[in-house]
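As structure tokens, the structure follows; a few thoughts come after it.
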Amino acid sequence: MFVSPFADSILGKALERRLIALVTHNLRDWATGKHKTTDDTPYGGGAGMVIKPEPVARALSDLRQLNPSAPVLLMTPQGRPFDQRAAERLADEPGLIFVCGRYEGFDERVRGMVDAEYSLGDFVLTGGELAAMTMIDAVARLAPGVLGSTGSAADDSFSDGLLEFPHYTRPVEFAGQRVPDILLSGNHGEIARWRRREQLRRTLQRRPELLDSAVLSASDEQLLAEVRREGEDG
């Protein structure tokens, strides 16, 4: 499951250049018995199978020795919401160990073996692999040298608590829609002001709750007030 998503494009190149490293492990390697069973039926009855605690404990015991400082992250719908701030924090870690479940989930005692639990949102997947891949992508692109431009990540949506400003490229006009004249002016100061205004406008229109926690300067507050007045007049 992990091969294709990380074989191409930016992260594929980052792996080739050894800017990041990704190693997958099969939980069955730490299971015992003829069938290397990693799950079992839950006590008390109910549908689905539950990941057993023993193979997870053995796996984490070995993997932690390879990188003792790497936090262990459990992928679960009950975890804390994963966002850009979490990606930035995790990007500063010396490594990460992701524990991915399947089917009904984990034996409750597994939760005591990890450092944090993360969720992508209020929905359920068939396994934690897709969630781990998403987090790896979000974190890895913040590693030094992974993105071609040092400013690329800094301008992303949520990097400063706001949504990203709109982008345009050639042609100047397409299907009756023209690139804003300010972007063609060459006035970098005015372009920066326009982009900040559009960040505030887009955030106000699409995700107004983000403004409650965003750190805004005095000039931001002035631009936001202008945007609000424009909305009232429009």
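The values are calculated or read from the model by the stated rules, or taken from the named source; none is laboratory data. Bear in mind that the values here come from a model prediction, so they are computed numbers and not experimental data. When we count neighbours, we look across all protein chains shown, and the Cβ atoms used for this are built from the backbone with ideal geometry, even at glycine.
Here are the numbers:
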{"quantity": "Members of region 218-234 that are of a type in the set (A, V, I, L, M) and in contact with a Leu (Cβ under 7 Å, 6 or more places away or on another chain)", "calculated": "Leu223, Leu224, Val227"}
{"quantity": "Among residues of region 21-51, those that are touching a strand residue (DSSP E or B) at 6+ places or on another chain (Cβ under 7 Å) and part of a loop (DSSP other than H, G, I, E, B), counted", "calculated": "3"}
{"quantity": "Index of the failed condition, Ala132 passing every other in (1) of a type in the set (A, V, I, L, M, F, W, C); (2) outside any helix (DSSP H, G or I); (3) modelled with pLDDT of 95 or more", "calculated": "(2)"}
{"quantity": "Of the criteria (1) surrounded by 16 or more Cβ atoms within 10 Å (Cβ to Cβ); (2) modelled with pLDDT of 95 or more; (3) not hydroxyl-bearing (Ser, Thr, Tyr), which one Asp160 fails", "calculated": "(2)"}
{"quantity": "Test result for Ala225, surrounded by 11 or more Cβ atoms within 10 Å (Cβ to Cβ), under 15 Å from the mean Cα position of the chain (by Cα) and either in the same structural domain as Leu74 (by TED's automatic domain parsing) or at pLDDT 95 or above (or both)", "calculated": "no"}
{"quantity": "Flag if Asp107 is surrounded by 16 or more Cβ atoms within 10 Å (Cβ to Cβ) and of a type in the set (Asp, Glu)", "calculated": "yes"}
{"quantity": "Scan of region 1-20 for residues that are of a type in the set (Val, Ile, Thr) and part of a loop (DSSP other than H, G, I, E, B), ordered by number", "calculated": "Val3, Ile20"}
{"quantity": "Single match in Ala153, Ala116 (criterion: surrounded by 12 or more Cβ atoms within 10 Å (Cβ to Cβ) and within 30 Å of Asn26 (Cβ to Cβ))", "calculated": "Ala116"}
{"quantity": "Any hit, region 54-68, residues being closer than 30 Å to Leu147 by Cα, part of a loop (DSSP other than H, G, I, E, B) and either of a type in the set (Gly, Ala, Ser) or assigned by TED's automatic domain parsing to the domain that holds Met113 (or both)", "calculated": "yes"}
{"quantity": "Lone qualifier among Leu163, Leu211, Leu223, Leu216 - being within 28 Å of Arg89 (Cβ to Cβ), part of a helix (DSSP H, G or I) and out of contact with any His (no Cβ under 6 Å at 6 or more places or on another chain)", "calculated": "Leu211"}
{"quantity": "Ala21 among the small types (Gly, Ala, Ser) and either surrounded by fewer than 14 Cβ atoms within 10 Å (Cβ to Cβ) or touching a residue at least 60 places away in the same chain (Cβ under 8 Å) (or both)", "calculated": "yes"}
{"quantity": "Residue match in region 169-179 (condition: outside the structural domain of Pro71 (by TED's automatic domain parsing), assigned to a helix (DSSP H, G or I) and over 30 Å from Leu73 (Cβ atoms))", "calculated": "no"}
{"quantity": "Output for region 70-112, where each listed residue is among the small types (Gly, Ala, Ser), in a strand (DSSP E or B) and modelled with pLDDT of 95 or more", "calculated": "Gly79"}
{"quantity": "Qualifying residue in region 36-47 (condition: within 25 Å of Gly145 (Cα to Cα) and loosely packed, with under 13 Cβ neighbours inside 10 Å)", "calculated": "no"}
